[in-house]
Amino acid sequence: MPLDDAALPGAIELAVEAPADPERLIPHILERYHETHRREFPEAVRLARKVEAVHAGDADCPAGLADHLALMSDDLEGHQQKEERVLFPMILGGFGPTAGFPIRRMMAEHEDVEAQLAVLRELTRDFTPPADACRTWRALNDACRKIHDDLVEHMRLENEVLFAPFLG
């Protein structure tokens, strides 16, 4: 089901091919992914809290989803701060070849995000609300799918395009 832009304003973005060189890729990552995550996680948490409150007695209710999204958001913010304050300036400053340890640390944290994404898929039943789900529940699932897809692409760009040349 396509994302309902009325339910989640600003969430639909046209796909933009990412540049390969760090001087252009890092600003792309910051704008397209870091800032997008910062905008979209709070809305997803809000939607999840509403769905969990309204549908608490429903067996299909994604119990624990709001807390999981909040945890993901907090972890992601810490991760992004490390990239923004330490790793990205190292790479842009020409120290990428000596950034092996911080790069490997970020990649290890990406593995943690992959585990969190697996829980997200489980809690949302692969982003599939019940057939009779309300509009809010459907918007929640759409928001979670977008968060998932954005994080997968964000990590791919960093691991395969930005970080790989510095790991030899």
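The values are calculated or read from the model by the stated rules, or taken from the named source; none is laboratory data. Small disclaimer: the values here were computed from a predicted structure and weren't measured. For neighbour counting, all protein chains shown are included, and Cβ atoms are generated from backbone atoms with ideal geometry for every residue, glycine included.
Would you please list the contacts, defined by Cβ atoms under 8 Å and residues six or more apart or on different chains, that run from a residue in segment 16-35 that is over 10 Å from LEU157 (Cβ atoms) to a residue that is of a type in the set (Asp, Glu)?
Qualifying pairs under 8 Å: LEU30/GLU84; HIS34/GLU83; HIS34/GLU84.
Listed residues PRO102, PRO97; which is more than 16 Å from TYR33 (Cβ to Cβ), in contact with a helix residue (DSSP H, G or I) (Cβ under 7 Å, 6 or more places away or on another chain) and free of Cβ contacts under 8 Å to residues at least 24 places away in the same chain? It would help to see each step written out before you state the result.
On the way: PRO97 fails: free of Cβ contacts under 8 Å to residues at least 24 places away in the same chain.
Criteria check complete, one pass: PRO102.
Out of (1) surrounded by 15 or more Cβ atoms within 10 Å (Cβ to Cβ); (2) under 25 Å from PRO27 (Cα atoms), the odd one out for LEU123 is which?
(2)
Among all residue pairs at least 6 apart or on different chains, which show Cβ distances below 8 Å where the first residue, located in segment 146-158, is surrounded by fewer than 18 Cβ atoms within 10 Å (Cβ to Cβ) and the second is among the acidic types (Asp, Glu)?
Pairs that qualify, where the first residue is surrounded by fewer than 18 Cβ atoms within 10 Å (Cβ to Cβ) and the partner is among the acidic types (Asp, Glu), are ASP150/GLU40.
Could you please find all residues in segment 95-105 being within 19 Å of ARG24 (Cβ to Cβ) and modelled with pLDDT of 95 or more?
Listed by number, the list holds a single entry, ILE103.
Mind listing just one residue for me: the one in segment 59-75 that is without any contact (Cβ under 8 Å) to a residue 40 or more places away in the chain and not small (Gly, Ala, Ser) and, of those, farthest from ARG145 (Cα to Cα)?
This residue is ASP74.
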